[in-house]
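Structure, as structure tokens:
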Amino acid sequence: MARIAPIPLERMTVAQRHLHDRVASAGRGAAVGPWAVLLHVPEVGEQLAGVVECLMSETLVPPKLKRLAILTIARAYAAPYEWAVHEPRARAAGLDAAVIEALRTGARPDFGDPKEALVHAMTNEIVLARELGGSLYSRAVDALGEPAVVELVALIGFYIALAVLLVAYDVEAPNGASAFGP
């Protein structure tokens with residue numbers, strides 16, 4: 001991490017240690033990635049940990065579609081840490097390897113599932129055009145239902161914010177892996 005030093009466990013305040021332990025107990029790397037940055041402001045990190053817990057719980061949007069949206073964001077923002085963490089989770093959730101590879105290389109994926117195509121289009125429109133047009137929104141509501149669309153847009157917004165944090169602090173992929181290289 002080039003821009004901010006990680007906080008060693010033995011130097012953490014009580015609030016930092018609480019956030020560290022909360023994130024670690026959820027199975028996420030508590031001293032790496034965005035959490036290494038957020039440990040510097042544990043009050044904010046605690047709130048964001050709650051958002052992650054909510055968005056990644058069993059909700060209206062299936063895990064495969066959540067991971068597709070996150071990978072689309074990670075690629076758009078060239079956020080290698082976000083990609084490296086969510087790519088294996090996307091595979092485990094059932095996202096096709098060819099779709100993942102197309103996203104990784106910046107190619108247009110060939111979706112077999114119309115809901116995947118819809119989520120990808122929504123995410124790209126929000127990321128690239130900074131809006132969600134009426135036609136695409138209507139198609140999403142018809143396909144997923146209005147509450148699921150609200151949830152998905154919240155997830156997209158949150159992971160855009162996370163990508164910005166990761167890019168601003170130059171957070172590398174775990175073990176320095178190149179997420180978008182050949």
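The values are calculated or read from the model by the stated rules, or taken from the named source; none is laboratory data. Since the structure is predicted, the reported quantities are computational estimates derived from the model, not experimental observations. When we count neighbours, we look across all protein chains shown, and the Cβ atoms used for this are built from the backbone with ideal geometry, even at glycine.
Per-structure values
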| read-out | value |
| --- | --- |
| Selection count where residues are under 19 Å from residue 60 (Cβ atoms) and touching a residue at least 24 places away in the same chain (Cβ under 8 Å), scope region 90-135 | 13 |
| Exclusive hit being modelled with pLDDT of 95 or more, within 23 Å of residue 24 (Cβ to Cβ) and not small (Gly, Ala, Ser), set 85, 44, 37, 61 | 44 |
| Residue match in region 124-133 (condition: closer than 17 Å to residue 80 by Cβ, assigned to a helix (DSSP H, G or I) and polar (S, T, N, Q)) | no |
| Close pairs from region 162-179: first part of a helix (DSSP H, G or I), partner at pLDDT below 95 and aromatic (Phe, Trp, Tyr), Cβ under 8 Å, at least 6 apart | 166/81; 174/81 |
| Residue among 127, 150, 119, 171 that is under 18 Å from the mean Cα position of the chain (by Cα), crowded, with 18+ Cβ neighbours inside 10 Å and farther than 25 Å from residue 33 by Cα | 119 |
| Residue under evaluation residue 91, criteria (1) more than 30 Å from residue 37 (Cβ to Cβ); (2) in a helix (DSSP H, G or I), criterion not met | (1) |
| Matching option when the condition is closer than 22 Å to residue 172 by Cα and not hydrophobic (A, V, I, L, M, F, W, C), among 114, 8, 63 | 8 |
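This table checks each residue for (1) within 24 Å of residue 172 (Cβ to Cβ); (2) outside the structural domain of residue 151 (by TED's automatic domain parsing); (3) of a type in the set (Lys, Arg).
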position	(1), (2), (3)
3	yes, yes, yes
14	no, yes, no
19	yes, yes, no
31	yes, yes, no
35	yes, yes, no
50	no, yes, no
72	yes, no, no
